[in-house]
Amino acid sequence: MNAFIKILKTFHYDSVKDLWLSLFPSGKYQLAMVSISLSTAISAIDKLFGLDAMAFIGFILIMALELWSGIKASSIKGEKFQSSKLSRFTFKAFYYMVLIAVPFWISNSYVNHGKHFMAELFEWLQLFLVTQIFFENLLSIFENLSVITGKDKTAWIVKIKDKITGIF
């Protein structure tokens, strides 16, 4: 053990605990349980939905932006906050997660049965749905941003559509 401590000291660690806290600084700040919980949740999300951490964070961000922009647009239109609209948003987010998860589960099932062509097909379907869901939420955000900036609900979408059709 003394030889190991000597090696640690060459890297400016006075003890095994110093090394440990350098590797896992969450221990210094009593955030180990938070860190472990997040790591567990992210790996569960990957296993349940087939989304890696960055994709899931992107999904959460786009959904949060839609929620924020929707609340802001409603406020500008003079509408009060309604729990039914929040429930509708939550249901939509749940439904999106089901749409993302089911093709992933089916793809995994086909892999387990050695049917790789079908597995690839459902893997493609999952990627297609994730992309489509992102695009649909983006359109909703653009509608909300149009209202927030005092324009007709379709103003930003029409501008973007005109730019895209101009390219093609």
Notebook entry, point to check: What's the FRET efficiency of Gln132 with Leu21 using the Cβ-Cβ distance as r and R₀ = 45 Å, to the nearest 0.05?
Noted result: 0.50
Next item on the list: Mind pulling the angle between the C-alpha long axis of helix 116-148 and the longest principal axis of the chain? Nearest 10 degrees, somewhere in 0 to 90.
Entry: 60
Check: Can you give me the Cα centroid spacing of the range 85-128 and the range 1-27 in angstrom?
Finding: 45
Next item on the list: Only Lys, Arg, Asp and Glu count, each charged at its Cβ (+1, +1, -1, -1), so figure out the dipole size of the range 51-167 about its Cα centre, rounded to 20 debye.
Entry: 500
Notebook entry, point to check: Label Ile167 and Thr149 with points 7 Å out from Cα along Cα→Cβ: what is the distance between them in nm?
Noted result: 1.8
Item checked: Anisotropy class of the range 51-167 from Cα gyration tensor, a/c 1.5 cut -> oblate
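What is the extension gain from Ile160 to His12, computed as 0.36 nm multiplied by their sequence separation minus the C-alpha to C-alpha distance, in nm to one decimal?
Values: separation 148, 0.36 × 148 = 53.28 nm, distance 5.60 nm.
Fully extending the segment from Ile160 to His12 adds 47.7 nm.
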Item checked: Rounded to whole Hz, the Karplus (6.51, -1.76, 1.60) HN-Hα couplings of the range 22-37, x for glycine and proline -> 6, 6, 10, x, 4, x, 5, 10, 6, 10, 4, 5, 5, 4, 5, 5
Note to self: Could you tell me which residue out of Phe104, Leu129, Phe89 lies farthest along the dipole of the chain toward its positive end? Charges go on the beta carbon: Lys and Arg +1, Asp and Glu -1, centred on the Cα centre.
What the structure shows: Phe89
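Subtract the Cα-Cα distance of Val111 and Glu79 from 0.36 nm times their separation in residues, and report this length gain in nm to one decimal.
Values: separation 32, 0.36 × 32 = 11.52 nm, distance 4.94 nm.
My answer for the length gained is 6.6 nm.
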Notebook entry, point to check: Tilt of helix 83-112 relative to the longest C-alpha principal axis of the chain, in degrees (0 to 90, nearest 10)?
Noted result: 60
Check: Taking the Cβ of Leu99 as the center, what net charge do the other residues with Cβ under 14 Å away carry, scoring Lys and Arg +1 and Asp and Glu -1?
Finding: 0
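Please sort 113-122, 128-137 by packing, taking for each peptide the average over its residues of neighbouring beta carbons within 10 angstrom, highest first.
On the way: 113-122: 13.3, 128-137: 15.0.
The most tightly packed comes first, giving 128-137, 113-122.
Most exposed first by the Cβ proxy, i.e. fewest other Cβ within 10 Å, how do Ser87, Ser69 rank? Write down the numbers at each step before the final one.
Working: Ser87 10, Ser69 20.
The fewest-first ordering by Cβ neighbours comes to Ser87, Ser69.
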Checklist line | Net charge, Ile76 excluded, C-beta distance under 12 Å - Lys, Arg +1, Asp, Glu -1 | finding: +3
Item checked: Residue-wise HN-Hα coupling along the range 8-14, computed from phi with Karplus coefficients 6.51, -1.76, 1.60 (Hz; x: Gly, Pro) -> 4, 5, 5, 9, 6, 9, 7
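Throughout, read-outs are computed from the coordinates displayed, never taken from laboratory work. Just so you know, these numbers come straight off a predicted model, no measurement behind them. Cβ atoms come from the backbone with ideal geometry, glycine included; neighbour counts cover every protein chain shown.
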